[in-house]
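Here the structure is laid out as structure tokens; the discussion comes afterwards.
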Number of protein chains: 2
Amino acid sequence: MIGIFDSGVGGMTVAHAIEQLLPGHSLIYYGDIARTPYGPKSPATIINYSIRNTEFLLKRGAELIVIACNSASSVATETLRKKFQVPIIEVISPAAHRAAVTSKSGRVGIIGTRATVKSGIYPKTILTEQPRAKIFQEACPLLVPLVEEGWLNRRETKMILRRYLHPLKEKQIDTLVLGCTHYPLLKDLIQPRMGKQVKLIDSSIETAHYVKKFLTRTPDMVTREKQTSHNYYVSDSTETARKVAKRIFSRPMELICV
Amino acid sequence: MIGIFDSGVGGMTVAHAIEQLLPGHSLIYYGDIARTPYGPKSPATIINYSIRNTEFLLKRGAELIVIACNSASSVATETLRKKFQVPIIEVISPAAHRAAVTSKSGRVGIIGTRATVKSGIYPKTILTEQPRAKIFQEACPLLVPLVEEGWLNRRETKMILRRYLHPLKEKQIDTLVLGCTHYPLLKDLIQPRMGKQVKLIDSSIETAHYVKKFLTRTPDMVTREKQTSHNYYVSDSTETARKVAKRIFSRPMELICV
């Protein structure tokens, strides 16, 4: 069983992509809505929560953990890998790899939460693959609340995006990493703002592909059951969360509140 | 010692007002930054956190608890009063009372988080004092993130405020309750938007006055020490929190992370 956790519902973009790419696998998801968002919090706090989330998933039979949250991936991966025996897959490396092989000019932009940007993990990871790359980062802390409010096509959201993206446009990047699982929901605003010459890298989709590749290489890592199950657990149940979940999956979602 | 808790730093507007009105008293503050914000969360989760916050303050000697958070006051007051022996003061009643005695037309607006608005506690409280009042509520979930980002005078903030306040303006209210401890920081944008004929009620200031009145009536409730102390505890320490705290107190604040 594949275990996936996130600070809330944003990571469901990863779970949704995994459901589609690996229909033969069971998955269990944990969204820490009671403590969301992680992005503005300190590394120590995010690490504590990530340990708890992983323990929750392992107790319920997860054999592989996907950290479906860029903020948690940025600061907690190392600790989780030291502490737990199961494979830990995070969202940064797959997206960073895709950015490194996609960018022709080597000018790559990263947008993410404050925690992700501050960790410097994206530039570090991209530079190991493309040492001459120029990486430009922008923290976009208001995008998560805007997505959670469902303000996906509002004038205010466009203006705030313009403000965040302007410095990256100035730097003439040719590749932009959507370094937060909420951001794919804003793709239709981000792409025209950046121009079609800029390739957008969706960390959710890249991570799902990486999980698939990983399971193809090591098929025994995760048990395949005859009856697959997809269970979505959350630490708090709110209407907003159910709405965002429905938008991501294009179906009403049963969120089990624990 | 006066104990004050909030979901984060917003409640420091209450603590600041209490410091100024009651300079002879010690106070201890707890800001639950690790789980902030409370406003979008469910009543059950907010109640759990409020119990923990109260226990934290009581253990450190608080003799009186001020819930300096409208969301927690809205949904957790009853539970805390049942569970704990000390007096529990919340921010709703003082602000609701002020609104009821201030409004001439009886047309009162309330802005707050989703939790506060959904609880219906402001209309209920105002109507007990002014049964013929017409109360109009607007949940303004994006204002807390905007304040926390320090976007206090940005065009985007003004536009978002316009969108939230427009329905209340249409209703021709003469009194508007700022039903969230973050909102006083947006007073300078809200007043011109509503027009100077609309009286703004600041729940932080009203609550500080109420605490003062309460202690005048029952002076033995809280021990007066010769050496007063003001300690600000937080469950997470972030740069944003320190910035907002500094803005509220107009001085750098030592936040003790526990």
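The values are calculated or read from the model by the stated rules, or taken from the named source; none is laboratory data. This one's a predicted model, so the numbers in the text were calculated from it and none came from an experiment. Using ideal geometry, Cβ is built from the backbone for each residue, glycine included, and neighbour counts are taken over all protein chains shown.
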Open item on the list: I need the full set of residues from the stretch A:236-252 which are surrounded by 21 or more Cβ atoms within 10 Å (Cβ to Cβ) and either in a loop (DSSP other than H, G, I, E, B) or within 14 Å of another protein chain (Cβ to nearest Cβ) (or both), in order please.
Closed with: A:ASP236, A:THR238, A:ALA241, A:VAL244
Open item on the list: If the requirement is being part of a helix (DSSP H, G or I), more than 14 Å from chain A (Cβ to nearest Cβ), modelled with pLDDT of 95 or more and closer than 28 Å to A:THR157 by Cα, which of these qualifies: B:PRO94, B:PRO167?
Closed with: B:PRO167
Task: From the options A:LEU186, A:LEU178, residue that is in contact with a Lys or Arg (Cβ under 8 Å, 6 or more places away or on another chain), assigned by TED's automatic domain parsing to the domain that holds A:SER119 and not basic (Lys, Arg) - done: A:LEU178
Open item on the list: Checking the condition under 17 Å from the mean Cα position of the chain (by Cα), of a type in the set (A, V, I, L, M, F, W, C) and at pLDDT 95 or above, which residue from B:VAL117, B:VAL86, B:VAL101 passes?
Closed with: B:VAL117
- [ ] Would you please name the residue that is farthest from the other protein chains (Cβ to nearest Cβ), looking only at residues in the stretch B:31-68 that are more than 15 Å from B:GLY8 (Cα to Cα) and small (Gly, Ala, Ser)?
- [x] B:GLY61
Task: Output for the stretch B:104-134, where each listed residue is more than 22 Å from B:TYR38 (Cα to Cα) and surrounded by 24 or more Cβ atoms within 10 Å (Cβ to Cβ) - done: B:VAL108, B:ILE126
Open item on the list: Condition check: away from chain B (no Cβ under 14 Å), of a type in the set (S, T, N, Q) and surrounded by 20 or more Cβ atoms within 10 Å (Cβ to Cβ). Does A:THR181 satisfy that?
Closed with: yes
Open item on the list: Of everything in the stretch B:191-213, what is outside any helix (DSSP H, G or I) and touching a residue at least 24 places away in the same chain (Cβ under 8 Å)? Give them in sequence order.
Closed with: B:GLY195, B:VAL198, B:LYS199, B:LEU200, B:ILE201, B:ASP202
- [ ] Return the residue satisfying two criteria in turn: it lies in the stretch B:135-151 and is within 14 Å of chain A (Cβ to nearest Cβ) and outside any helix (DSSP H, G or I), and of such residues it is surrounded by the fewest Cβ atoms within 10 Å (Cβ to Cβ).
- [x] B:GLY150
TODO: Might you let me know whether the stretch B:102-114 holds any residue that is among the small types (Gly, Ala, Ser) and within 13 Å of chain A (Cβ to nearest Cβ)?
DONE: no
Task: Residue tally, condition touching a residue at least 24 places away in the same chain (Cβ under 8 Å) and either part of a loop (DSSP other than H, G, I, E, B) or under 15 Å from B:TYR233 (Cα atoms) (or both), over the stretch B:52-75 - done: 14
Task: Members of the stretch B:121-141 found to be of a type in the set (Ser, Thr, Tyr) and in contact with a strand residue (DSSP E or B) (Cβ under 6 Å, 6 or more places away or on another chain), listed by number - done: B:TYR122
Open item on the list: Take the conditions aliphatic (A, V, I, L, M), more than 15 Å from the chain's Cα centre (by Cα) and within 18 Å of B:THR216 (Cα to Cα) and apply them to B:LEU80. Does it pass?
Closed with: no
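Of the residues A:SER73, A:SER103, which is hydroxyl-bearing (Ser, Thr, Tyr) and more than 25 Å from A:VAL244 (Cα to Cα)?
Within the list A:SER73, A:SER103, the selection yields A:SER103.
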TODO: Using the structure shown, decide if A:GLU78 is of a type in the set (Asp, Glu), surrounded by 24 or more Cβ atoms within 10 Å (Cβ to Cβ) and within 21 Å of A:THR116 (Cα to Cα).
DONE: no
